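To keep things clear, I will list the structure first and then write my remarks on it.
The values are calculated or read from the model by the stated rules, or taken from the named source; none is laboratory data. On a predicted model such as this, the values are computed, not experimentally measured, just so you know. All Cβ positions, glycine included, derive from the backbone under ideal geometry; neighbour counts span all protein chains shown. Calculation scope for accessible area: heavy atoms of the full protein, side chains included, ligands and nucleic acids excluded. Shrake-Rupley method; radii C 1.70, N 1.55, O 1.52, S 1.80 Å.
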Amino acid sequence: MPSSNGGTSVANSIQSLDNGLIVSCQPVTGGPMDTAPIVVAFALAALAGGAQGLRIESAPYVKAVRAATDAPIIGLVKRDLDASPVRITPWIEDVEALAAAGADVIAYDATQRARPVPTNELVRRIHAAGKIAMADCSVISDARQALDEGAEMVGSTLSGYTGGPEPTEPDLDLIRAMRALTPYVVAEGCIRQPHHARAALKAGARLVVVGSAITRPEHVTSWFRADMDEAVGAHA
Ligand SMILES: CC(=O)N[C@H](C=O)[C@@H](O)[C@H](O)[C@H](O)COP(=O)(O)O
């Protein structure tokens, strides 16, 4: 049982999410859905549909969603930095802003890449703020290091996002490998259909995060478009 952040309450918070569906409400940046009222509406609609928790980007959006629901929130901040490829919660200020805004869990990029703040320091500050640390990992060594550093939860969030073409399928092998290290595994990334979520649970995930398939209509539309274009091309 993770205990670096106060034992029982952390354990209870995580356990309340067991087998939970978390809906990530992160609109396409600058798109027509990228406003606080729409993020709140997505969040409430997801909860009405059976989600147990939410994943929300930016302190202002966390604050807006927190004002509308007591449901667990995984908060993160995305930044595009010049000096580092790390995007998810790279700075201490981000941790503090998310904590103040009402996030219960703070997600951070746990990859072993050049970064402005070392991961052990981010975890320390997440715990100092009384929050749970979720390590967004790309490979199993990220998860190993994150757990050594005290992160309570590890996610497959960044598998396939550290170079090369973007993935289109969940990384079930990484989920299985993480489950051998800890029970607190979050399946995240490319869970686009219910059977993906089911497979992730079978692979050992305790929580499943679904984003684009529920809250990015631009992406979903483009999936239909691409398949239809392929079909037309195939028959031309
Ligand atoms: C790689 C990266 O930056 N992932 C981000 C992490 O918060 C989000 O853009 C994803 O939408 C989220 O992980 C959920 O994944 P999907 O949208 O595939 O269900």
- Query: Taking the stated definitions as given, is residue 135 among the aliphatic types (A, V, I, L, M), at pLDDT 95 or above and within 16 Å of the ligand (Cβ to nearest atom)?
  - Reply: yes
- Item | Verdict on residue 162 being touching a residue at least 24 places away in the same chain (Cβ under 8 Å), open to solvent by less than 40 Å² (accessible area, probe 1.4 Å), part of a loop (DSSP other than H, G, I, E, B) and of a type in the set (Val, Ile, Thr) | no
- Task: Would you mind listing the helices (runs of 4 or more DSSP H) fully within region 165-236 where at least 2 residues are away from the ligand (no atom under 16 Å from the Cβ) and free of Cβ contacts under 8 Å to residues at least 12 places away in the same chain?
- Result: 217-235
- Residues of region 149-177 being closer than 11 Å to residue 138 by Cα and either in contact with a strand residue (DSSP E or B) (Cβ under 9 Å, 6 or more places away or on another chain) or not β-branched (Val, Ile, Thr) (or both), which ones? 154, 155, 156, 157, 158, 159, 160, 161, 163, 171, 174, 175
